[in-house]
Amino acid sequence: MKQIVTGHFQAFGEKKWKAISKELGVELKDIQQAADFIQHCNPRPGSKYSQHIAEYITPELVVNVIDGHTVAVSLYDGTTVNVTYNEEYTDFMKDHPDKEVQTYIQEKEQDFRWLLQSLRQRKQTILKVGKILAEKQKSFFLEGPSAIQPLTLKQVADEIDVHESTISRAVKGKYMQTPFGIFELKYFFTSAIKSVKLEDSEAASARTVKNELQKLIDEEDKKKPLSDQKIVNLLLDKGYDVSRRTIAKYRDQMGITSSTMRKRYE
């Protein structure tokens with residue numbers, strides 16, 4: 001194992017194991033055993049001594065399924081921001097003889113009112129987005145991630161009658177608690193993929209295709225992993241018309257290596 005890491009690190013990482021096997025006079029299964037052991041090692045052994053405190057996600061929205069078919073959305077109270085105005089400044093303004101001071105405090109009071117209005121509007125926008133998600137992605141909340149539907153920011157923006165950028169800002173870094181776990185709001189926005197088994201007016205979501213891709217990878221024979229073209233053909237049999245380039249892009253986004261890197265030698 002030491003010889004592999006110290007003398008053949010680059011080739012080992014690129015899984016060019018046949019050359020290593022020949023040079024060291026070992027079988028490929030021996031290199032596979034070494035790889036399995038190395039993968040279980042901690043690349044940052046000092047991290048266990050870190051004092052870093054785990055950060056917890058607080059969802060903005062909570063989804064509950066009522067009677068098995070009704071999807072209800074509400075704001076999570078824990079994310080409400082309370083802002084108060086110091087009334088002492090108001091009293092000070094009434095009695096102060098300097099007009100400029102009075103004008104300054106009046107402006108700041110107006111800024112406070114504007115801030116309150118902005119916070120209320122932000123909450124209202126997030127709740128509106130949540131209600132539309134409950135409507136458009138109802139199958140997700142009832143059946144799980146595999147049932148997610150295509151949905152774009154523009155579709156939601158048109159429903160609420162605001163600009164697309166407003167929705168983009170509203171959902172950025174925000175989360176929703178669902179019966180299937182906590183998901184980032186942007187998770188529910190996914191492009192459409194042409195489906196050969198659905199009506200022309202319908203389509204599958206990119207997220208659904210990714211879920212199908214993950215299933216294929218999980219179930220493949222690791223001694224003979226699926227090539228991207230084979231995955232394309234299998235997805236086509238399932239009704240999803242996806243190009244090989246798209247599969248490669250999805251693999252990269254999902255952290256799935258190529259078939260060469262996934263191959264195991266037992």
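The values are calculated or read from the model by the stated rules, or taken from the named source; none is laboratory data. Source: prediction; values computed, not measured. Every residue, glycine as well, gets a Cβ built from its backbone with ideal geometry; the counts of neighbours run over all protein chains shown. Surface accessibility is based on the protein's heavy atoms, side chains included, excluding ligands, DNA and RNA. Shrake-Rupley method; radii C 1.70, N 1.55, O 1.52, S 1.80 Å.
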Going residue by residue through segment 206-223, is there one that turns out to be under 25 Å from residue 118 (Cα atoms), modelled with pLDDT of 90 or more, part of a loop (DSSP other than H, G, I, E, B) and acidic (Asp, Glu)?
no
In this structure, does residue 148 turn out to be within 18 Å of residue 71 (Cβ to Cβ) and either without any contact (Cβ under 8 Å) to a residue 12 or more places away in the chain or open to solvent by less than 40 Å² (accessible area, probe 1.4 Å) (or both)?
yes
What tally of residues in segment 11-49 results from selecting those that are within 22 Å of residue 223 (Cα to Cα), assigned to a helix (DSSP H, G or I), under 35 Å from the mean Cα position of the chain (by Cα) and not aliphatic (A, V, I, L, M)?
8
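Could we say that residue 139 is within 30 Å of residue 208 (Cβ to Cβ) and among the polar types (S, T, N, Q) here?
Considered against the rule, which asks whether it is within 30 Å of residue 208 (Cβ to Cβ) and among the polar types (S, T, N, Q), residue 139 comes out as yes.
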Tell me, yes or no, whether segment 65-85 has at least one residue that is over 29 Å from the mean Cα position of the chain (by Cα), more than 30 Å from residue 206 (Cβ to Cβ), exposed (fewer than 10 other Cβ atoms within 10 Å of the Cβ) and of a type outside the set (S, T, N, Q).
yes
Give me a count of the residues in segment 114-158 that are more than 26 Å from residue 180 (Cα to Cα) and not in a helix (DSSP H, G or I).
0
Looking at segment 97-113, is at least one residue closer than 26 Å to residue 213 by Cα, of a type in the set (Lys, Arg), open to solvent by 40 Å² or more (accessible area, probe 1.4 Å) and in a helix (DSSP H, G or I)?
no
So how many residues does segment 151-174 have that are touching a residue at least 24 places away in the same chain (Cβ under 8 Å) and hydroxyl-bearing (Ser, Thr, Tyr)?
2
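Could you list, in sequence order, the residues of segment 130-145 that are open to solvent by less than 50 Å² (accessible area, probe 1.4 Å) and touching a Phe, Trp or Tyr at 6+ places or on another chain (Cβ under 9 Å)? First the steps, then the outcome.
Taking segment 130-145 and keeping what is open to solvent by less than 50 Å² (accessible area, probe 1.4 Å), we get 130, 132-134, 137, 139-141, 144-145.
The answer is 133, 134, 137, 140, 141, 144, 145.
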Within segment 238-260, which residues are open to solvent by 70 Å² or more (accessible area, probe 1.4 Å) and over 22 Å from residue 191 (Cβ atoms)?
260
